[in-house]
Amino acid sequence: MRELFESTIDRLLADMATPELIRHCEVGHWPTELWTAIEASGFAVAAAPEALGGSDATWGDLYGVVKAAGRHNLPLPLPETILANWLLGQCGLEARNEPLGIAMRSTLSLDAATSGAFFDVPWVAPTDTRVHGILFDVPWGRNVNHVVAVIPGEKAILVVLARSDAEISTKRNTAGEPRDDLCFKNAVPIATAPLPGHLSDDVLWWGGSMLRSAQMAGALEAALDLSTRYATERVQFGKPISTFQAIQHQLAQMAQQTGSAIVSAEAAFTESDGPLAAWQIAAAKVCGAEAAGTVAAMAHAVHGAIGFTHEHALQLGTRRLWAWRSEFGNLGHWAQRLGRAVAQGGAALLWPAVTSGQLTALTSSRTDTK
């Protein structure tokens, strides 16, 4: 299934997610035709169970899809929609083949009178249920139909909210991608469900970090390809600049960093086919964020001034690298979180943790702070 997914999404995005379209989207355009093609492909719901409208695809199957979204600078919330539908499926709710939003931070709360035993099974919320609070930095918040969020507590609750019920504060990240705040006041949820016991109330934080690691891997791969091609074609002093030792050294460093990010991101997806793999996700975000800074800087050094121009494709990817490395936790956040978990486990548990891929102290918990 993975090979089929990868070949299909790569052809689709190579044909439709052109640099011209991406630049058009950065000034506020929503690419309806491209999203319609994605809906028809079924990728948006692929992670949901087949019985709930999906394809039972694993995260390992979907790694190539999310990586391709990063490689082609996809100006749509496909990765976020995949994660949202996966979570809906985990909670027993039907998948939604439409643009879905998730939040990087949230202050949502439920009315106390409706936060009890009503949530023992998935349900359509009664009209006296109310949700209050703000979802921060929702990717394409102004364009999604619904948002999926988790309200923490002794019994964490998943809620589906209509974007039309929110007051929207529009914002953009460094890459020009919408990152909007959605404020809900007395909003009636479309549906709710209890969060399963194997998931923590920061599951969207972990899942979002995993998505960004794969997107960065794709963007890093594209930056390396562009730089290698340019260095081969650009002639200076009568010979391609790829023959200069300094350029060769930079390309070698870029390849090393890109390879590390790709391998760590793939491991995070593959190991998350059961519960989300905390160790691998944290490591992937650290590797990806570190590589993003190094590779972007070197790619622009190889290209010179032309790489920064509006017309050149390089800056489309590097601006996303600079934005994505900080979303769902930056390098410092995940390095500290990983370091604290290793220190808590002690020296005797370090090697067993490395060989098993399990670090108990790192597993997300409902009391953990971001």
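The values are calculated or read from the model by the stated rules, or taken from the named source; none is laboratory data. Note that the coordinates shown come from a computational prediction; the quantities given were computed from them, not determined experimentally. Positions of Cβ are backbone-derived with ideal geometry, glycine not excepted, and every protein chain shown enters the neighbour counts. These area figures cover heavy atoms from the full protein model, side chains too; ligands, DNA and RNA do not enter into them. Shrake-Rupley method; radii C 1.70, N 1.55, O 1.52, S 1.80 Å.
Here are a few things to note about the model shown:
- Number of the exception - Ser200 against (1) within 30 Å of Ser264 (Cα to Cα); (2) among the polar types (S, T, N, Q); (3) at pLDDT 95 or above: (3)
- Within the range 271-304, being in contact with a Leu (Cβ under 9 Å, 6 or more places away or on another chain) and not hydrophobic (A, V, I, L, M, F, W, C) holds for Pro275, Lys285, Gly288, Glu290, Gly293, His300, His303.
- Pair list, Cβ < 6 Å and 6+ apart or interchain, from the range 298-322 residues that are within 11 Å of Pro19 (Cα to Cα) to residues that are of a type in the set (Gly, Ala, Ser) and not in a helix (DSSP H, G or I): none
- For the range 43-96, the set of residues classified as more than 21 Å from Leu220 (Cβ to Cβ), of a type in the set (Asp, Glu) and touching a helix residue (DSSP H, G or I) at 6+ places or on another chain (Cβ under 8 Å) consists of Asp56, Asp61, Glu94, listed by residue number.
- The single condition from (1) in a helix (DSSP H, G or I); (2) open to solvent by less than 20 Å² (accessible area, probe 1.4 Å) that Leu199 fails is (1).
- Within the span defined as the range 21-31, every residue fails to be open to solvent by less than 30 Å² (accessible area, probe 1.4 Å) and of a type in the set (Gly, Ala, Ser).
- Every test in (1) outside any strand (DSSP E or B); (2) modelled with pLDDT of 95 or more is passed by Asp180 save one, and that test is (1).
- Scope the range 336-362; condition in a helix (DSSP H, G or I), among the small types (Gly, Ala, Ser) and out of contact with any Lys or Arg (no Cβ under 9 Å at 6 or more places or on another chain); matching residues: Gly339, Ala341, Ala343, Gly345, Ala347, Ala348, Ala353, Ser356
- Number of residues in the range 304-340 that are open to solvent by 10 Å² or more (accessible area, probe 1.4 Å), at pLDDT 95 or above and aromatic (Phe, Trp, Tyr) equals 1.
- Counting only helices (runs of 4 or more DSSP H) wholly contained in the range 1-106, the ones carrying 3 or more residues that are over 25 Å from Asp137 (Cβ atoms) occupy 2-16, 32-41, 59-71.
- Residue within the range 307-318 that is under 13 Å from Met216 (Cβ atoms) and part of a helix (DSSP H, G or I) present: yes
- Close contacts from the range 164-175, counting a first residue that is under 25 Å from Leu321 (Cβ atoms) and a second that is open to solvent by less than 80 Å² (accessible area, probe 1.4 Å) and in a loop (DSSP other than H, G, I, E, B), with Cβ to Cβ under 7 Å and a gap of 6+ residues or different chains, come to Thr170/Arg142.
- Subset tally (residues that are open to solvent by less than 10 Å² (accessible area, probe 1.4 Å) and of a type in the set (Phe, Trp, Tyr)) for the range 139-187: 1
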